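Encoded as structure tokens, the structure appears first; notes follow it.
The values are calculated or read from the model by the stated rules, or taken from the named source; none is laboratory data. Everything quoted here is computed from the prediction, not taken from an experiment. Neighbour counts are summed over all protein chains in view; Cβ atoms, including those assigned to glycine, are modelled from backbone coordinates with ideal geometry.
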Amino acid sequence: MTARIDCIQLVKQLSSGEKLLTILDGIELTVQPSEFACILGPSGSGKSTLLGLMAGLDRPSSGSVRIDDQALESLNEDELALLRREKVGFVFQSFQLLGNLTARENVLLPLELAGVSDAAARTDQLLFDVGLGERGHHYPTQLSGGEQQRVALARAFAPRPKVLFADEPTGNLDSETGAGVLDLLSALRTSYGTTLVLVTHDVQVAELADRCIHLKSGRIERETVRETARQELREAGAVEGQPQ
């Protein structure tokens, strides 16, 4: 069973000198179970802040975030940690691999900590799925950026989370490598039925997402579903070789 996420009148404000800076202003958003939702927007639009609130990494100034009808703002830190361990996976721009562990050990560690009985077999299968079945004994410094991000994807999916949050997962990669990582992320999401929320500034992610939420100045400016987003890209000349 995958997760549904609800943001209800979500507001995030920060003090800036004597002024109060509004980062998010009344966000109303629902991500359905198994949906691939992409949050788009320019720098400063609030997209990473929104992702952090949805993942329970930060707390809103007002409003509510609910995962499967469980209000995150009502949970203490221990309860939040348990929810993240049981339901939530993360992929970051900077990979966040442990440098003193091999690729295999990076994927295996969270499973062993969770007491998963088939941890070794699950790890080996995931490394195979991301195309690194023969590279598990390598350390992060011995892997390319794309390979490191594929290890990070395997680690994120290893606990079979209900929802996966990804913050600019291709931001440190060249366009060709990034496209490959996005294809892999989308394929894994489909295979596991995971609800996926991805933050990016790259409009071409719309080629893969079920829905794109466009933020501007802390508010939802508009939303586009996959075919609408593709049509916009074609009209803008961003997608070549696609049938009209």
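Tell me which residues, restricted to the stretch 40-99, are in contact with a helix residue (DSSP H, G or I) (Cβ under 7 Å, 6 or more places away or on another chain) and among the acidic types (Asp, Glu).
If the condition is that a residue be in contact with a helix residue (DSSP H, G or I) (Cβ under 7 Å, 6 or more places away or on another chain) and among the acidic types (Asp, Glu), then Asp58 is the only one that fits.
Which condition from (1) within 30 Å of Thr177 (Cβ to Cβ); (2) at pLDDT below 95; (3) under 19 Å from the mean Cα position of the chain (by Cα) is the one that Asn106 breaks?
The one condition Asn106 does not meet is (2).
Output the residues belonging to the stretch 190-203 that are crowded, with 22+ Cβ neighbours inside 10 Å and either modelled with pLDDT under 90 or out of contact with any strand residue (DSSP E or B) (no Cβ under 9 Å at 6 or more places or on another chain) (or both).
Scanning the stretch 190-203 gives a single hit, Thr200.
How many of the residues making up the stretch 120-171 are without any contact (Cβ under 8 Å) to a residue 12 or more places away in the chain, assigned to a helix (DSSP H, G or I) and more than 23 Å from the chain's Cα centre (by Cα)?
2
Which of the residues that make up the stretch 16-31 are outside any strand (DSSP E or B) and within 17 Å of Ala166 (Cβ to Cβ)?
Of everything in the stretch 16-31, nothing turns out to be outside any strand (DSSP E or B) and within 17 Å of Ala166 (Cβ to Cβ).
Can you work out which of the residues in the stretch 60-102 that are of a type outside the set (A, V, I, L, M) and touching a Lys or Arg at 6+ places or on another chain (Cβ under 7 Å) is nearest to Val31 (Cα to Cα)? Full working, then the answer.
The initial filter retains those residues of the stretch 60-102 that are of a type outside the set (A, V, I, L, M), namely 60-64, 66, 68-70, 73-74, 76-79, 84-87, 89-90, 92-96, 99-100, 102.
Still in the list and also touching a Lys or Arg at 6+ places or on another chain (Cβ under 7 Å): 60-61, 68, 73, 87.
Details: Pro60: 18, Ser61: 21, Asp68: 11, Glu73: 18, Lys87: 15 Å.
The qualifying residue nearest to Val31 (Cα to Cα) is Asp68.
Answer with yes or no whether Ala156 is under 25 Å from Leu50 (Cα atoms) and not β-branched (Val, Ile, Thr).
On the way: under 25 Å from Leu50 (Cα atoms): yes; not β-branched (Val, Ile, Thr): yes.
Yes.
Being farther than 23 Å from Gly46 by Cβ and either of a type in the set (Phe, Trp, Tyr) or surrounded by 22 or more Cβ atoms within 10 Å (Cβ to Cβ) (or both) is the filter here; which residues of the stretch 162-177 pass it?
Lys162
Which of the residues spanning the stretch 121-180 are among the hydrophobic types (A, V, I, L, M, F, W, C) and farther than 25 Å from Cys38 by Cβ? Lay out the reasoning, then the answer.
The initial filter retains those residues of the stretch 121-180 that are among the hydrophobic types (A, V, I, L, M, F, W, C), namely 121, 126-128, 130, 132, 143, 151-154, 156-158, 163-166, 173, 179.
Ala121, Leu127, Phe128, Leu132, Leu143 - these are the residues of the stretch 121-180 that are among the hydrophobic types (A, V, I, L, M, F, W, C) and farther than 25 Å from Cys38 by Cβ.
For Lys19, state whether it is more than 13 Å from the chain's Cα centre (by Cα) and basic (Lys, Arg). First the steps, then the outcome.
Values: more than 13 Å from the chain's Cα centre (by Cα): yes; basic (Lys, Arg): yes.
Yes: the conditions hold for Lys19.
Give Lys47, Lys12 a once-over and let me know the one that is surrounded by 18 or more Cβ atoms within 10 Å (Cβ to Cβ), within 15 Å of Glu223 (Cβ to Cβ) and of a type in the set (Lys, Arg). I'd like the intermediate steps shown before the answer.
On the way: Lys12 fails: within 15 Å of Glu223 (Cβ to Cβ).
Of Lys47, Lys12, the one residue that is surrounded by 18 or more Cβ atoms within 10 Å (Cβ to Cβ), within 15 Å of Glu223 (Cβ to Cβ) and of a type in the set (Lys, Arg) is Lys47.
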